[in-house]
Amino acid sequence: MDVKKSFIHLKAITTQIESMKGEEMINIKRAYEKPSKEDGYRVLVDRLWPRGLKKEAAKIDLWSKEVAPSDQLRQWFGHEEVKWGEFKKRYFRELDSHQLDIAEFLSKASQKNVTLLYAAKDTNYNNAAALLEYIKKHSLKAGSFENQNVHSYS
């Protein structure tokens with residue numbers, strides 16, 4: 001599927017999410033925290049499996065390595081707060097080519113909550129927080145997806 005079609009697909013999903021009333025549908029949580037019923041569909045958004053976490057205990061529904069930052073970007077960032085703005089710009093550019101992967105787990109939000117799981121110790125400056133911002137940013141701009149192939153993250 002080409003980029004334009006993936007934007008249109010993502011637009012339909014984000015429009016559906018926006019039209020739903022009630023609680024926040026997408027949350028973030030450390031993968032090491034105890035799973036709860038409120039988590040709903042649990043998506044690990046790290047490229048590497050969290051150290052020491054047993055798969056049975058994690059109760060992960062989907063491991064979406066495709067939406068994780070590239071190894072090069074992850075290593076460059078190193079969870080340094082001063083690099084956060086530039087990290088998000090670069091990561092958002094990477095995410096633009098993974099719209100269908102994002103749409104896959106966003107579509108689950110129509111049935112239940114979605115929780116993006118990450119392993120980083122930093123609860124503010126991590127890829128799940130950036131991914132959630134990306135999703136919300138695109139939800140707010142859902143009407144413009146059909147005509148956009150490139151985004152500016154400056």
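Any read-out appearing in this document is the output of simple, stated calculations on the displayed coordinates, not a laboratory observation. Treat the numbers as computed from the prediction; the structure is a model and nothing was measured. Heads up, the Cβs are rebuilt from the backbone with ideal geometry, glycines too, and the neighbour counts pull from every protein chain shown.
Going through the cross-link list 83/121; 37/88; 83/112; 55/88; 54/89, which pairs have a Cα-Cα distance over 26 Å in this structure? Intermediate values should be presented prior to the final figure.
Working: 83/121 16 Å; 37/88 30 Å; 83/112 34 Å; 55/88 29 Å; 54/89 33 Å.
Long pairs (Cα-Cα over 26 Å): 37/88; 83/112; 55/88; 54/89.
Our coupling estimate for the stretch 39-45, obtained by passing each phi through the Karplus curve with A = 6.51, B = -1.76, C = 1.60 and θ = phi - 60°, is 4, x, 7, 9, 10, 7, 10 Hz, Gly and Pro reported as x. Taking loop as defined by DSSP and a crowding limit of 10 other beta carbons within 10 Å, which trypsin sites (Lys or Arg not before Pro) in the stretch 33-89 fit? Sparse-neighbourhood loop trypsin sites (Lys or Arg not before Pro): 51, 54.
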